[in-house]
Amino acid sequence: MKRRERKKSRKLWLKIPLAIILVLILGAGGYAFSIYNNAKSTVNDKINEPIDTIDTKVAKKKVKATESLNILLLGIDERDGDRGRSDALVVLSLNPKEDTMQLVSIPRDTRTTIVGKGIQDKINHAYAYGGADMSVATVENFLNIDLDYYVRMNMEGLEELVDQLGTIQVDNEVEWDDGQYQFTKGPVELDGDKMMHFVRMRKQDPAGDFGRTERQRKVIEGIIDKGARVGSVNKINGVIDVLGNNMATNMDFDDMKDLLFGYTDVRKNVNSYMMQGSGTKIEGVYYYMVPEEEVSKVHGMIAGI
């Protein structure tokens, strides 16, 4: 059943990976033509993956009319050919009329109804059960919203991406040693492997998953910053190839261009929010319980109520 026919109950570690592609394309100077063609074919032939839950025709009309959009960002921990689970879920809301961008992070252990399975489980399990399709349907049901696009990025792909760029720099706020790397406070230089250790640590962070999400956001910002300063055409094409092997979205290349040029000013006012709740155990399994009033609050934030 199409999502707009359903009755929904009331209920970074990505920012926008596609921004990396667009920044590289538009900042490439004399290399622009060859890179443009490579990026276009990579997006349309390898990255573009429509799903049944989202009517892309409706989304395209909204983009052309520069209307508000909701995009689900999925960071996937996918190894050895397994589908994996969504390690991070972020709803990105773009409001071009107000020139605002709202990012809402949903804790991965949040207990909710998994649409298509009819069970209560951790929200990040939706991807393991039914991929991006089931993740989109579950998040729509949980927050009582419509999603226009999704972007999925494999975490292992981010390691390749950082190595392709060389290194990235982040500002670390928590000092720790995981036995392989020592992370001091302040600016830290990360290659791909060290970056994965940086974003996966939880137990030594006083803020737990909240601190982890903040570190993920910093990594994405570091990648975009470094990507914007890449001068080698070989590196730029290498980055596009890495994304082609590790990223999926129901956007095509024209959608990405329309988003870039029609929604540029939303970056002027960026607000980030992590959904609030409390942890508990049910039959020995840990869940993060988000109360109805918090769900209603976030629904209002996304819907602009």
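The values are calculated or read from the model by the stated rules, or taken from the named source; none is laboratory data. Keep in mind it's a predicted model, so treat the numbers as computed, not measured. Heads up, the Cβs are rebuilt from the backbone with ideal geometry, glycines too, and the neighbour counts pull from every protein chain shown. Each accessible area value is taken on the protein alone, full model and side chains, heavy atoms only, with ligands, DNA and RNA left out. Shrake-Rupley method; radii C 1.70, N 1.55, O 1.52, S 1.80 Å.
Quick test of your reading of the structure: Met251 fulfils all but one of (1) within 20 Å of the chain's Cα centre (by Cα); (2) aliphatic (A, V, I, L, M); (3) closer than 25 Å to Glu160 by Cα; (4) part of a helix (DSSP H, G or I). Name the failing condition by number.
Unmet for Met251, out of (1) within 20 Å of the chain's Cα centre (by Cα); (2) aliphatic (A, V, I, L, M); (3) closer than 25 Å to Glu160 by Cα; (4) part of a helix (DSSP H, G or I): (4).
With respect to Val230, is the statement that it is within 27 Å of Asn144 (Cβ to Cβ) and either open to solvent by less than 40 Å² (accessible area, probe 1.4 Å) or modelled with pLDDT of 85 or more (or both) true? Spell out the reasoning first.
On the way: within 27 Å of Asn144 (Cβ to Cβ): no; either open to solvent by less than 40 Å² (accessible area, probe 1.4 Å) or modelled with pLDDT of 85 or more (or both): yes.
No: the conditions fail for Val230.
Among the residues of the range 179-219, write down those that are among the acidic types (Asp, Glu) and either surrounded by 18 or more Cβ atoms within 10 Å (Cβ to Cβ) or not in a loop (DSSP other than H, G, I, E, B) (or both).
First pass over the range 179-219, keeping only residues among the acidic types (Asp, Glu): 189, 191, 193, 205, 209, 214.
Within the range 179-219, Glu189, Asp193, Asp209, Glu214 qualify.
Looking at the range 286-296, which of its residues are farther than 19 Å from Ala88 by Cα and in contact with a strand residue (DSSP E or B) (Cβ under 9 Å, 6 or more places away or on another chain)?
Hit for the range 286-296 is Pro291, nothing else.
Among the residues that make up the range 113-123, is at least one of them among the hydroxyl-bearing types (Ser, Thr, Tyr) and closer than 29 Å to Val63 by Cβ?
no
Collect the residues in the range 247-293 that are surrounded by 14 or more Cβ atoms within 10 Å (Cβ to Cβ) and among the charged types (D, E, K, R), keeping them in residue-number order.
Hits for the range 247-293 are Asp252, Asp254, Asp255, Lys257, Asp258.
Take Met134 and tell me if it is touching a Gly at 6+ places or on another chain (Cβ under 7 Å) and modelled with pLDDT under 90. If you could, list the steps in order and put the result at the bottom.
On the way: touching a Gly at 6+ places or on another chain (Cβ under 7 Å): yes; modelled with pLDDT under 90: no.
No.
Just one of (1) touching a strand residue (DSSP E or B) at 6+ places or on another chain (Cβ under 7 Å); (2) open to solvent by 40 Å² or more (accessible area, probe 1.4 Å); (3) not in a helix (DSSP H, G or I) trips up Gly116, so point out which.
(1)
Return the only residue of Leu143, Leu158, Leu165, Leu147 being under 28 Å from Leu72 (Cα atoms) and in contact with an Asp or Glu (Cβ under 6 Å, 6 or more places away or on another chain).
Details: Leu143 fails: in contact with an Asp or Glu (Cβ under 6 Å, 6 or more places away or on another chain); Leu158 fails: in contact with an Asp or Glu (Cβ under 6 Å, 6 or more places away or on another chain); Leu165 fails: in contact with an Asp or Glu (Cβ under 6 Å, 6 or more places away or on another chain).
Sole residue among the options that is under 28 Å from Leu72 (Cα atoms) and in contact with an Asp or Glu (Cβ under 6 Å, 6 or more places away or on another chain): Leu147.
Within the bounds of the range 246-258, is there any residue that is of a type in the set (A, V, I, L, M, F, W, C), modelled with pLDDT of 95 or more and under 25 Å from Ala132 (Cα atoms)? So that I can check it myself, show each step before the final result.
Residues of the range 246-258 that are of a type in the set (A, V, I, L, M, F, W, C), as a first pass: 247-248, 251, 253, 256.
Filter again for modelled with pLDDT of 95 or more, leaving none.
So far as the range 246-258 goes, no, none of its residues is of a type in the set (A, V, I, L, M, F, W, C), modelled with pLDDT of 95 or more and under 25 Å from Ala132 (Cα atoms).
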